[in-house]
1. Please give, to one decimal in nm, the separation of the simple spin-label points placed at LEU62 and GLU174, each 7 Å out from Cα toward the Cβ.
2. Could you name the aspartates and glutamates in cross-link range of LYS112, using Cα to Cα under 15 Å and dropping any fewer than eight places away on the same chain?
3. Do the alpha carbons of any pairs in LYS125/LYS162; LYS59/LYS100; LYS125/LYS152; LYS72/LYS152; LYS79/LYS125 sit beyond 19 Å of each other, and which pairs?
4. Taking K and R as +1 and D and E as -1, what net charge do the other residues with C-beta under 13 Å from the C-beta of ALA83 add up to?
5. Taking the number of other C-beta atoms within 10 Å as the exposure measure, put GLU172, GLU96 in order starting with the fewest.
6. May I ask you to order 128-138, 83-93 by the average number of other C-beta atoms within 10 Å around their residues, highest value first?
7. Check GLU163: other-chain or 5+ apart residues with amide H under 5 Å from its amide H, H built from backbone geometry?
8. Could you run the Karplus curve 6.51 cos²θ - 1.76 cosθ + 1.60 with θ = phi - 60° over region 83-92 and give me ³J(HN,Hα) per residue in whole Hz, x for Gly and Pro?
Amino acid sequence: MKPASAYRSQIVVNMLMLTLLPLKTAYIPMKIIIKDFVIICMFLLFGQFVYAQSDKIDKEPLVVDEIQIDVKSVQIDAKLKTATVELFLTSYNRNERELKLNTYGTQLVDVKGRKYLFGTLSLGKILVKLEDKQNYINYLMKMDEPVLLTLKVANWGKEKPKELILVFEDSEEEGHYIETAVQL
C-alpha cells in the first residue's frame, strides 16, 4: 500500500499532464495555463489541509474501574500562587456505587515530578481542607451523573501542572486502592 503522499504526487503529475496536453495540439493563451495552474495549487493546498485534519487523533476518555475521568479545567493564579484542577468523574455502574477517595494519595505533580498535597479538595458538595486531616472522602455516585472534583494547591509556581494522581478504592476488592495518573 502506497503512502498518501505518493498518491497525491501521482495526482499532481496527472493533472499537470492534462493541463499541458492541449499545448501540443493547439495554441492556448497564457491566462488559461496560469488559471489552471492556480486551480491545481489550490487543490493541493486544500488536500494538504484535509490530510492534516485527518491525522489528528481523538483522545480516548480515561476510564478506570468503570469511572470516566474528564479534565474540565486547569487554572494557575500567579498572584495567589495557587493551582486549581477540576475533573468530572462519571460512573458507568448500573447501580449506585460508593467512591472512596484517598485524600492524601490524591496529589498534583509539576513538570519536574514533585508532588503537592491539596489545600482544599471538594467532591460534589463535600469540602475537605488539609488541616482537617481527613484521610478519605466517601461519595455515593449515580450512573451517568458527572460529579465535579476540585483540587486546589497552595504555593504553586507559574508552570502548568503535568498530571493529577487520583487514588480511590477498587469497587470489586475492598481495601485495594487504584492509583491513576490523569494527564493535564
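Read-outs throughout are calculated quantities, based only on the coordinates presented, and are distinct from any laboratory measurement. Please read these numbers as outputs of a predicted model, since none were measured by experiment. Backbone-built Cβ (ideal geometry, glycine too); neighbour counts: all protein chains shown.
1. Roughly 2.9 nm, to one decimal.
2. Straight-distance partners of LYS112: GLU159, GLU163.
3. Numbers: LYS125/LYS162 26 Å; LYS59/LYS100 27 Å; LYS125/LYS152 15 Å; LYS72/LYS152 14 Å; LYS79/LYS125 27 Å.
Pairs exceeding 19 Å: LYS125/LYS162; LYS59/LYS100; LYS79/LYS125.
4. With Lys, Arg at +1 and Asp, Glu at -1, the neighbours total +3.
5. Final ranking by Cβ density, sparse to dense: GLU172, GLU96.
6. Ranking, from highest mean packing down: 83-93, 128-138.
7. For GLU163, whose amide H was placed from the backbone, the distant partners under 5 Å are VAL109, LEU184.
8. With coefficients 6.51, -1.76 and 1.60, one gets 10, 10, 10, 10, 10, 9, 10, 10, 8, 9 Hz.
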